[in-house]
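One structure below.
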Amino acid sequence: GRVKRMLDNAESVVNVCLIPSFLQSYVNNFEIQNSHRNAQSRGVKLRCITEIKEDNIEKCRQLMSTAEIRHLPNVIGILLVTEKEFFNDIDPLPFSSSSQLLYGYLEEVVKQHLDIFENLWNNGITVEERIQQIEKEKDQEETRLIETSTQFHNFMINCLQDAIEKDW
């Protein structure tokens, strides 16, 4: 479809911002990955922003074979922008019947989308940094044995206070 065509037509850059739930479909799509490899062989710079979580690290590693990846929390929708054109799908379920697709090729609008992506890119962190964060969070997980109702009560109060402080 349109994504493959844009990858095939790119001359210098392909910037992609993906909602995490779509990352697996993107990485597992043979045509898209073939277009990634073809673009890479033409010297096209491929960059991807997504929210890297414990459950999608392997897909990110797969994508790293053809693209540079950055982590940004709370990514929504899809943005694909090349030096010539852009494509947006702002629906939380990409390419669904309720999708709100936006495509354009006007130079000024493409430049604006390139600038938006660049800003997001500069605010993201590398895959390596994010994987270290996730592994550190896993290492900090602990198991506690709560033996009395008072200990349970205090534990629950502390959890609720932490949640309130973090605005959950």
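Accessible area per residue for the chain, computed on protein heavy atoms with a 1.4 Å probe, is 63 Å².
Globularity index of the chain is 1.29 (Cα radius of gyration / 2.2 N^0.38 Å, N = number of residues). Extension gain, M64-E128: 0.36 nm per intervening residue step, less the Cα-Cα distance, totals 22.0 nm. Every helix of 4 or more DSSP H residues in the chain counts as -39500 (n - 2.57), and over all residues that averages to -15500 deg cm²/dmol at 222 nm.
What's the longest uninterrupted piece of the chain once you rule out the GluC sites (Glu not before Pro) that are loop residues per DSSP with at most 10 other Cβ within 10 Å? Within the chain, the longest run free of exposed GluC sites (Glu not before Pro) spans 1-140. Just the protein heavy atoms count here, and of the accessible area of the chain at 1.4 Å, carbon and sulfur take up 50 percent. Once the chain from I146 to E165 is taken as fully extended at 0.36 nm per residue, the excess over their C-alpha distance is 4.5 nm. Model label points for R42 and F155, set 7 angstrom from Cα along the Cα-to-Cβ axis, are 5.8 nm apart. Dividing the Cα radius of gyration of the range 102-162 by its Kirkwood radius returns 1.39 for Rg/Rh. With the simple model of a label 7 Å out from the Cα in the direction of the Cβ, K53 to E135 spans 2.2 nm. Computed with a 1.4 Å probe on the full set of protein chains, the accessible area for H153 sits at about 100 Å². Bridging of K4 to lysines at a Cα separation below 21 Å is possible for K45, K59, K84, K111, once same-chain residues fewer than 8 apart are set aside. Note on K111 and R5: the extension gain reaches 36.2 nm, defined as 0.36 nm multiplied by sequence separation minus the Cα-Cα distance. Annotation: the antiparallel percentage among DSSP beta bridges lying fully within the chain is about 60.
The values are calculated or read from the model by the stated rules, or taken from the named source; none is laboratory data. Just so it is clear, the structure is predicted and the values come from calculations on it, not from any experiment. Quick reminder, even Gly has a Cβ in these numbers, built from the backbone with ideal geometry, and neighbours come from all protein chains shown. Each accessible area value is taken on the protein alone, full model and side chains, heavy atoms only, with ligands, DNA and RNA left out. Shrake-Rupley method; radii C 1.70, N 1.55, O 1.52, S 1.80 Å.
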